[in-house]
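Since the structure comes first, as structure tokens, the remarks are kept for the end.
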Amino acid sequence: MEIDGFRGRLITAEHAGYDSARAVWNGAVDRRPRLIARCGGTADVAAAVRFAREHDLEIAVRGGGHNVAGTAVCDDGIVIDLSPMRAVRVDPAGRTARVQGGALWGDVDHETQTHGLATTGGIVSHTGVAGLALGGGIGFLMRKHGLTVDNLLAAEVVTAEGGIVQASADEHPDLFWALRGGGGNFGVVTSFRFALHPVGPTVLAGPVFWAAEDTTDVLRFYRDFAAAAPDELGSVVRLGTVPPLPIIPKHLHHRPAIAVACCYAGGVDDGERAVRALRRFGTPLLDLLAPTPYVAHQSGLDDTVPHGWHYYWKSTNLAGLSDRAVDAIADHAYAAGSPRTYTAMFHLGGAVARVPGDATAYAGRDVAHNIIIDAVWLPDESGEHAAAETAWARRFLEALRPHRAGGVYVNFLDSDDDTSRVHEAYGDHIVRLAEVKATYDPDNAFHHNKNIRPGRAGAGAIGRETVAPQH
Ligand code: FAD
């Protein structure tokens with residue numbers, strides 16, 4: 001098979017590397033594309049899109065391949081795979097970085113930190129930039145520096161017709177708005193330009209652990225601590241068992257525990273003051289908060305969520321951390337069967353909440369906490385074990401129903417039984433998103449994602465039905 005004007009690598013089921021090329025981070029995803037087009041640059045991406053359209057092929061777009069729903073790969077169609085496109089070029093004087101569409105966050109942190117700079121990215125370094133950025137982008141720096149989309153200055157996009165456009169505040173501003181939260185619905189982003197900020201390279205960062213029995217007290221304390229925290233302090237709560245990382249004493253491995261992981265995006269001394277009350281609370285099992293290279297902090301969780309394990313997620317925005325919400329979390333968080341299963345809760349607010357709600361397509365800026373319930377099992381534990389972990393995640397989400405705020409972070413939605421929730425992720429932005437979709441992808445060629453159907457206000461229904469079933 002050949003693609004006109006394509007200089008990358010084409011992989012089909014006949015090639016030895018087919019199985020590894022179609023594998024994504026979530027090992028539970030097992031799809032068999034007809035063709036994987038490994039792109040070397042923008043021209044290859046454009047050629048692959050044109051080929052797919054001419055041959056009416058199902059299209060999946062792959063950035064880092066991390067989406068839990070596995071939308072980076074499809075059955076029987078073409079995967080437009082940007083994984084060779086990982087270059088990051090930093091302009092230290094202008095404090096910007098140009099990042100190719102297949103880069104991972106570890107690539108960005110590595111290059112930008114050489115200059116003592118960073119932008120808001122994910123909390124695991126092997127996550128892809130593209131999918132994360134297009135959904136919004138939450139991470140340790142967001143309260144100080146905004147979401148990843150708040151740092152997006154421009155994007156180069158291959159459209160559904162195979163054309164190439166630049167999107168920024170000045171060029172195609174409608175597309176630029178939609179790219180900042182509307183996911184991969186509008187085209188293939190071949191490069192991003194992000195604003196950077198001075199961060200570290202040494203930051204005060206790391207987790208403090210308490211025994212699971214202390215969860216209610218820790219969460220009640222954390223609720224007030226987080227509400228009063230300076231913007232510089234990013235934190236994520238993790239509930240589950242202590243991961244068996246080399247940095248953690250062996251006797252604590254696999255012990256049920258709650259951790260609050262912090263990263264202070266400012267001076268270490270100021271950070272010490274900001275976390276003092278947290279580390280003095282109760283009787284921590286372990287306090288690993290210390291001056292740490294930012295890149296080391298950003299990859300500290302990598303080994304707890306490796307490629308190939310099987311994952312199933314449930315998530316929601318929370319209305320707050322009332323005593324009853326805290327009780328519901330404490331009651332369910334440790335009831336899973338697998339020591340690898342965990343729950344994480346992000347603290348938003350700060351700079352995220354100060355951007356007007358309609359400035360970008362990201363919905364949910366007024367939410368202070370969201371929660372992600374991550375059921376995990378090993379490839380050889382499928383069957384009963386998988387069913388039990390999955391059922392636990394569903395029960396946990398159900399128990400949180402009275403404590404949910406409207407909405408869910410689009411990048412935390414899974415497939416299957418989350419399909420009906422896609423409209424929750426886009427909220428009121430769905431009408432405007434559908435209109436931009438109608439302009440740039442009227443045939444919905446890019447639908448293997450958290451899909452937005454093309455639509456025009458006044459030309460038929462726009463709303464819940466605008467969100468197509470997810471493939
Ligand atoms: P992929 O699986 O490659 O793609 C997912 C979808 O994104 C595709 O179906 C496509 O629609 C679109 N897409 C991908 N690349 C492109 C492109 N170049 N152009 C256009 N569309 C594209 N999210 C956060 O915000 N913060 C976190 O801290 C965070 N931590 C995570 C940790 C782990 C271990 C995992 C698995 C996920 C995490 N996420 C986080 C969620 C993450 O944002 C999503 O999984 C996201 O989809 C990952 O991007 P990717 O490029 O790897 O996705």
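The values are calculated or read from the model by the stated rules, or taken from the named source; none is laboratory data. What you are looking at is a predicted structure, and each value in this text was computed from that prediction instead of being measured. Here the Cβ is made from the backbone with ideal geometry for all residues, glycine too, and neighbour counts use every protein chain on show.
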Legend entry - Out of R98, R32, R38, sole residue that is more than 11 Å from the ligand (Cβ to nearest atom), surrounded by fewer than 20 Cβ atoms within 10 Å (Cβ to Cβ) and within 23 Å of G187 (Cβ to Cβ): R98
Legend entry - Complete set of residues in segment 258-288 that are within 21 Å of T343 (Cβ to Cβ) and part of a loop (DSSP other than H, G, I, E, B): F281, G282, P284, L285, L288
Inset, instruction - Just one of (1) in contact with a Phe, Trp or Tyr (Cβ under 7 Å, 6 or more places away or on another chain); (2) on the phi > 0 side of the Ramachandran plot trips up H332, so point out which. - result: (2)
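What strands (runs of 3 or more DSSP E), lying completely within segment 1-109, carry at least 1 residues that are more than 20 Å from L132 (Cα to Cα)?
Numbers: elements: 9-11, 35-38, 59-62, 78-81, 88-91, 96-100.
Qualifying strands (runs of 3 or more DSSP E): 9-11, 35-38, 78-81, 88-91.
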Inset, instruction - Considering only segment 429-447, state which residues are more than 13 Å from the ligand (Cβ to nearest atom) and either modelled with pLDDT under 95 or among the hydrophobic types (A, V, I, L, M, F, W, C) (or both). - result: I430, V431, L433, A434, V436, A438
Legend entry - Residues located in segment 118-156, provided they are more than 6 Å from the ligand (Cβ to nearest atom), surrounded by 24 or more Cβ atoms within 10 Å (Cβ to Cβ), not charged (D, E, K, R) and not in a loop (DSSP other than H, G, I, E, B): A118, V129, A133, M142, H145, V149, N151, L152, A155
Inset, instruction - Go through (1) more than 10 Å from the ligand (Cβ to nearest atom); (2) crowded, with 24+ Cβ neighbours inside 10 Å one by one and return the number of the condition H115 breaks. - result: (2)
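Which of the residues belonging to segment 231-257 are without any contact (Cβ under 8 Å) to a residue 60 or more places away in the chain, more than 16 Å from the ligand (Cβ to nearest atom) and assigned to a loop (DSSP other than H, G, I, E, B)?
Keep residues of segment 231-257 that are without any contact (Cβ under 8 Å) to a residue 60 or more places away in the chain, which gives 242, 244-253, 255, 257.
The next check asks that each one be more than 16 Å from the ligand (Cβ to nearest atom); those that pass are 242, 244, 246-253, 255, 257.
Within segment 231-257, V242, P244, P246, I247, I248, P249, H253, R255 meet the criteria.
Would you point out which residue out of A330, A277, A290 is over 18 Å from the mean Cα position of the chain (by Cα) and crowded, with 16+ Cβ neighbours inside 10 Å? I'd like the intermediate steps shown before the answer.
Numbers: A277 fails: crowded, with 16+ Cβ neighbours inside 10 Å; A290 fails: crowded, with 16+ Cβ neighbours inside 10 Å.
Within the list A330, A277, A290, the selection yields A330.
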